[in-house]
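Below is one structure; the comments refer to it alone.
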Amino acid sequence: MSANALDLRGLRAGYGRYDVLRDVDLQVAPGEAVGLLGPNGAGKTTLLRAVMGLVKHRTGVISIAGTDVVRMPAHKIARGLAALVPEGRRLFVDQPIEDNLLLGALHLRRDKARVSELLESVYALFPVLRDVRNRPAGALSGGQQQMVAIGRMLMSDPTVLLLDEPSLGLAPIAIGEVAEALERLREEGRSILVVEQRVDLALRMCDRIYVLAGGEVALEEQARALGEDGRALIDAYLG
Amino acid sequence: MQVLLSGLAIGAIYGLVAMGFAIAFYVTRVINFAEGQLLMVGVMVAAWFARTGLDPWIAIVLGILAAAAVGAVTYLVAVRPVLAFDRFSFAWLVSTLGVALILENGAALVWGPTSRSFPALLTGTSVHVGSATLTLQEVVTIGVAIAAAIGFELYRRRTLFGKLGMAIAHDPEMATALGANTVLVATAAFALAGAFAGLAGVLIGPITYSNPYLGDTYGIAGFVALMIGGTSRPAAAMAGGLLLGILGEAANKLIDTQASDWFPFVVVVVMLLVLPEGLLSLAAPFRRAVRRARAPAGATG
Ligand SMILES: Nc1ncnc2c1ncn2[C@@H]1O[C@H](COP(=O)(O)OP(=O)(O)O)[C@@H](O)[C@H]1O
Ligand SMILES: [Mg+2]
């Protein structure tokens with residue numbers, strides 16, 4: 001059996017003395033798209049940040065394609081193991097789009113051919129970015145900025161893709177475009193963990209769903225198995 | 001004309017030190033209060049090697065390298081530990097001042113507290129520009145400083161490492177999440193900042209001679225130049241330095257021959273009252289307008 005793309009076992013993580021996550025078990029199989037839902041403050045962002053190594057206090061197992069990263073410094077995890085579209089995108093708004101993308105491929109900088117190949121694949125996924133590639137990222141619309149953030153994540157050619165509420169604050173059309181892009185990545189066989197507050201979107205984009213509440217996994221289920229009843233169930237957790 | 005050119009020559013020195021402050025601050029948000037002492041390290045080490053009979057040009061290069069090395073060590077010893085303990089700590093204020101004191105007193109201990117010679121390579125030749133006369137040293141100083149400012153700016157915008165520096169300046173945690181080793185980049189920034197100060201040192205050395213207390217004067221002038229230029233981009237600090245140099249020379253001429261000793265303080269007070277974000281803040285409204293004009297219609301949602 002091949003290793004999971006992402007495997008969390010007994011993960012505890014938090015800030016200072018206080019654990020936000022308590023004994024979280026969560027897996028993303030290779031090629032699987034997993035949705036992470038839960039009310040505000042449940043610890044979803046903390047979970048993604050813990051995988052990236054951005055949360056200092058973390059214990060348990062965090063394994064990416066069989067590599068234990070729980071003690072690995074963040075900048076090493078970022079070199080092809082995991083990549084993140086963070087809450088609020090956090091683009092380098094003063095710098096051109098293309099520089100934002102190239103900064104995603106820092107660890108591949110010596111392999112120029114690979115970098116231009118990845119850049120081409122990002123422009124193939126989001127053709128509109130090619131035309132504006134020399135504009136400062138801050139000059140784009142929210143939807144296009146989210147495309148840049150997703151593109152920057154893809155530029156590091158990571159084993160597991162992490163997205164924190166990619167639809168948040170976007171206009172309906174932009175949400176559709178982002179969801180479509182994620183479905184494309186899923187079809188390409190990427191391993192994805194996406195935090196998504198909108199249940200309908202999560203069920204559409206994902207193979208499997210986890211609901212996180214109070215720092216613990218409250219529900220784990222195949223998206224397919226969750227019909228209208230499941231939605232009601234999830235809604236109950238989301239409060 | 002003489003005031004203008006002499007002002008540019010001394011202002012170029014202030015500008016290099018100011019850029020040193022700015023480069024380190026740009027990447028780390030830390031003011032290295034030992035920046036002036038790095039100029040002194042450049043002067044002292046170059047003078048010392050020159051006294052041993054080494055070729056003066058090689059001594060000068062070694063002086064610059066020594067300043068860069070001490071800059072890097074300053075980050076690793078005095079800045080990184082306090083920031084690792086608490087990212088928002090202001091303890092670097094004290095720790096870099098501590099480094100300044102150690103360097104100054106250490107240099108006085110090793111090389112003695114009095115001024116000693118510095119290799120004069122270009123001071124003997126005069127260059128006439130219109131009615132004004134400069135030494136070749138001053139002409140080279142102006143040229144080197146402007147080339148350093150332009151070179152840095154090109155490097156910052158055109159190379160991946162420069163772009164990474166900008167990214168770290170903007171959002172260090174996000175840069176880390178993209179694989180940046182922020183400690184390495186910050187150390188490099190402090191080293192480059194040291195090299196700028198060292199460069200300033202070997203350029204002014206033939207005029208000031210080597211003296212362990214040089215760091216005070218030039219550190220303060222460089223800091224004032226940084227205030228004038230603002231911290232939004234390091235090259236602006238060079239503009240601040242050149243302006244301060246010209247103002248100081250004018251004050252010497254018009255007010256009192258020693259006026260440039262206290263004049264920087266007057267300038268900085270006025271600056272902070274009138275333009276707290278530095279000279280470049282004058283241009284900000286224009287830049288915002290340009291950005292708005294370039295943004296696509298309906299740039300929301
Ligand atoms: N940097 C931080 N320092 C201290 N506590 C934090 C920090 N970030 C988040 N928290 C706390 O951790 C808990 C979980 O937050 P978060 O992971 O952002 O939840 P979610 O993304 O599910 O809304 C919240 O109670 C929040 O207040
Ligand atoms: Mg969140």
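Points worth noting:
- Helical content alone sets the calculated 222 nm signal of chain A at -10500 deg cm²/dmol, taking -39,500 (n - 2.57) per DSSP H segment of four or more residues and averaging over every residue.
- When its C-alpha radius of gyration is set against 2.2 N^0.38 Å (N residues), the range A:42-143 gives a value of 1.22.
- Residue-span extension gain [A:Arg224 to A:Arg110] - 0.36 nm each, minus C-alpha spacing: 36.7 nm
- Percent RCO, i.e. relative contact order, over chain B, from Cα pairs under 8 Å lying at least 6 residues apart: 36
- Chain A, relative contact order in percent, only Cα pairs under 8 angstrom and at least six apart counted: 28
- Straight-line reach from B:Lys253: taking Cα to Cα under 17 Å and skipping same-chain neighbours fewer than 8 places apart, the aspartates and glutamates in range are B:Asp261.
- Fewest neighbouring Cβ atoms within 10 Å first, the residues B:Lys253, A:Lys112 line up as A:Lys112, B:Lys253.
- Separation of alpha-carbon centers, the range B:83-99 and the range A:67-87, rounded to whole Å: 28
- Label zone (B:Tyr209, point 7 Å along Cα-to-C-beta; backbone nitrogen cut-off 20 Å) within the range B:132-147: B:137-138.
- Three-way shape label, the range B:2-294, alpha-carbon gyration tensor, a/c 1.5: oblate
- Here the range A:191-215 is scanned for amide nitrogen atoms under 12 Å from the site 7 Å beyond the Cα of A:Ala29 along Cα-to-Cβ, giving A:207-208.
- If R0 is taken as 60 Å, the Cβ-Cβ distance between B:Leu254 and A:Arg231 corresponds to a FRET efficiency of 0.15.
- Residues of type lysines that A:Lys44 reaches as a straight line, Cα spacing below 17 Å, ignoring anything fewer than 8 places off in the same chain: A:Lys56
- Kirkwood Rh and Cα Rg combined as Rg/Rh, the range A:90-157: 0.94
- Projected label distance in nm at B:Leu97 and A:Asp200, using a 7 Å step from Cα toward the beta-carbon: 6.1
- Extension gain, B:Phe265 to B:Phe85, is 61.4 nm, computed as 0.36 nm per intervening residue step minus the present C-alpha separation.
- Once the chain from B:Leu109 to B:His170 is taken as fully extended at 0.36 nm per residue, the excess over their C-alpha distance is 17.9 nm.
- Note on B:Tyr155 and B:Leu76: with the Förster distance fixed at 30 Å, the Cβ-Cβ geometry gives a FRET efficiency of about 0.85.
- Between A:Arg9 and B:Val129, the distance separating the two model label sites (each 7 Å from Cα on the Cα→Cβ line) works out to 7.2 nm.
- Counting Lys and Arg as +1 and Asp and Glu as -1 over every other residue whose Cβ lies under 15 Å from the Cβ of B:Glu104, the net charge comes to -2.
- Enclosing the Cα atoms of the protein assembly as shown in their convex hull gives a volume equal to 180 cubic angstrom per residue.
- Using Cβ point charges alone (K and R +1, D and E -1), the dipole size of the protein assembly as shown about the Cα centre works out to roughly 660 debye.
- For the pair the range B:108-129 / the range A:1-40, the C-alpha centres are spaced 64 Å from each other.
- FRET efficiency for the A:Asp94 to B:Arg116 pair, using the beta carbon distance and R₀ = 45 Å, is estimated at 0.45.
- Lysines whose Cα lies under 24 Å from that of A:Lys112, excluding same-chain neighbours fewer than 8 positions away: A:Lys76, B:Lys163
No lab work stands behind these numbers, since they all come straight from the coordinates. Owing to the predicted nature of the structure, the values given are computational and were not obtained by experimental measurement. Virtual Cβ from ideal backbone geometry, glycine too; neighbours counted across all protein chains shown.
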